[in-house]
Amino acid sequence: MENCIFCKILAGEIPSKKVYEDDFVYAFHDIAPAAPVHILIIPKEHICCMNKAEESHKELLGHILLTAQKLAKELGIADSGYRIINNCGENAGQTVFHMHFHLLGGDTFTKLV
Ligand code: 5GP
Ligand code: ZN
């Protein structure tokens, strides 16, 4: 997808600090970490946001969550706890329109819900 920062990261056109990769997802450190551990997990397929996820993405979405769980263990935040966030659209403050899940840990977070 042209002009998508995360597609450019996937293509290696923009450097990133990789944490994990497989055929379906790519995980890397957020450039402006909001917590001691702040990883972004993105699908390799360009999907703009949760609004555009479909039935056919069911397995991919499950895989993203289980990847977050796996990385939380590997990064040592599984026991202390972590938060997984997906921002969808303007009101949620989404700034990059390639669907992504934030994995945050190493700190305590204000409870939103
Ligand atoms: P959103 O606000 O859309 O939920 O999250 C976008 C995230 O992408 C932000 O936390 C922002 O810091 C991160 N980000 C934006 N551009 C880049 C980049 O070029 N590299 C990396 N590693 N993270 C980025
Ligand atoms: Zn993209």
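Every number in this text was worked out from the coordinates using simple rules, so none of it is lab data. Every value quoted in this text rests on a predicted model; they were computed, and no experiment measured them. All Cβ positions, glycine included, derive from the backbone under ideal geometry; neighbour counts span all protein chains shown.
Under 5 Å between amide hydrogens, built in the peptide plane, is the criterion, and for Tyr26 it picks out Ile42, Lys44 among residues at least 5 positions away or on other chains.
Amide hydrogen proximity for Cys49: with H placed 1.01 Å from N in the peptide plane, the residues at 5 or more positions away or on another chain lying under 5 Å are Met99. Placing a pseudo-label 7 Å from each Cα along the Cα-to-Cβ vector at Asp23 and Asn51 gives an inter-label distance of 3.2 nm. Principal-axis analysis of the Cα atoms of the chain puts helix 58-74 at an angle of about 40° to the longest axis. Computed over the chain with a Gaussian network model linking Cα atoms closer than 10 Å, the most mobile of Glu45, Glu13, Glu90 is Glu90. Within the listed set Ser56, Ser80, Ser16, the residue fluctuating most in the Gaussian network model of the chain (springs between alpha-carbon atoms under 10 angstrom) is Ser56. Counting only pairs 8 or more places apart or on different chains, how many lysine pairs in region 17-105 have C-alpha atoms closer than 25 Å? Summing the qualifying lysine pairs gives 13. Backbone geometry of region 14-29 corresponds, through the Karplus equation with coefficients 6.51, -1.76 and 1.60 at θ = phi - 60°, to 3J(HN,Hα) couplings of 10, x, 8, 9, 6, 10, 6, 8, 9, 5, 10, 9, 9, 10, 8, 6 Hz, x marking Gly and Pro.
Cα convex hull, the chain: 115 Å³ per residue, rounded to a whole number.
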